[in-house]
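Accompanying notes for the structure given below.
The values are calculated or read from the model by the stated rules, or taken from the named source; none is laboratory data. As the structure is a computational prediction, the values presented were derived from the model and not from experiment. Cβ atoms come from the backbone with ideal geometry, glycine included; neighbour counts cover every protein chain shown. All accessible areas refer to the heavy atoms of the entire protein, side chains included, with ligands and DNA or RNA removed. Shrake-Rupley method; radii C 1.70, N 1.55, O 1.52, S 1.80 Å.
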Amino acid sequence: MRLAAAILAFFFLIAPGLVPGVSAAPNFPALTGRVVDDAHILSDTTKQDMTQKLAALEAKTSRQLIVVTLPSLQGYEISDYGYQLGRAWGIGQAKLNNGVLFIIAPNEHRTRIEVGYGLEPIVTDALSSIIIQTKVLPAFRKGDFNAGVVAGTDALIEQLS
């Protein structure tokens with residue numbers, strides 16, 4: 001019995017890359033700027049405007065907000081994917097842990113605000129839910145991803161300022 005448990009632990013914990021269908025981490029898009037539109041749902045104007053707003057926020061507060069759209073979560077829960085993505089990209093200042101990811105996976109109908117530990121008192125889970133439910137999803141339901149992403153981003157910028 002112990003041998004079987006040891007073998008399972010090896011395959012699922014130690015050598016996940018060796019087992020087909022099991023991977024250690026998702027494949028992340030490259031961090032190309034403050035807005036990473038990997039799902040290609042935002043207009044060029046929206047991306048440019050948001051990039052300027054996000055740069056101004058960071059210059060003013062040192063807090064970093066990154067907006068990312070994804071074509072797929074690759075079978076992961078959005079919370080797991082977001083946590084790993086934030087770690088992989090190193091969002092925010094390491095000592096302050098002051099980064100925020102606004103994640104949109106439109107094909108899977110998932111949206112999340114992933115907050116660094118240093119900002120949890122400022123952008124709480126409750127506030128994140130309110131922003132998503134009242135600012136983002138109403139526009140998404142009308143098919144307007146640009147408006148939903150802008151509204152969510154503006155609400156986060158206001159709170160982080």
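Worth pointing out:
- Within segment 63-110, tally of residues that are assigned to a helix (DSSP H, G or I) and of a type in the set (Gly, Ala, Ser): 4
- Output for segment 41-55, where each listed residue is open to solvent by less than 60 Å² (accessible area, probe 1.4 Å) and either more than 17 Å from Ile104 (Cα to Cα) or not hydroxyl-bearing (Ser, Thr, Tyr) (or both): Ile41, Leu42, Lys47, Met50, Leu54, Ala55
- Just one of the listed residues (Gly99, Gly152, Gly116) is farther than 19 Å from Thr51 by Cβ, surrounded by 17 or more Cβ atoms within 10 Å (Cβ to Cβ) and of a type outside the set (Asp, Glu), and it is Gly116.
- Considering the conditions (1) crowded, with 21+ Cβ neighbours inside 10 Å; (2) over 18 Å from Ile157 (Cβ atoms); (3) at pLDDT 95 or above, Asp38 is excluded by exactly one of them, (1).
- In segment 35-62, the residues that are assigned to a helix (DSSP H, G or I), touching a Ser or Thr at 6+ places or on another chain (Cβ under 8 Å) and over 22 Å from Gly118 (Cβ atoms): Met50
- Meets criteria (closer than 20 Å to Asp38 by Cα and open to solvent by less than 80 Å² (accessible area, probe 1.4 Å)) for Ala126: no
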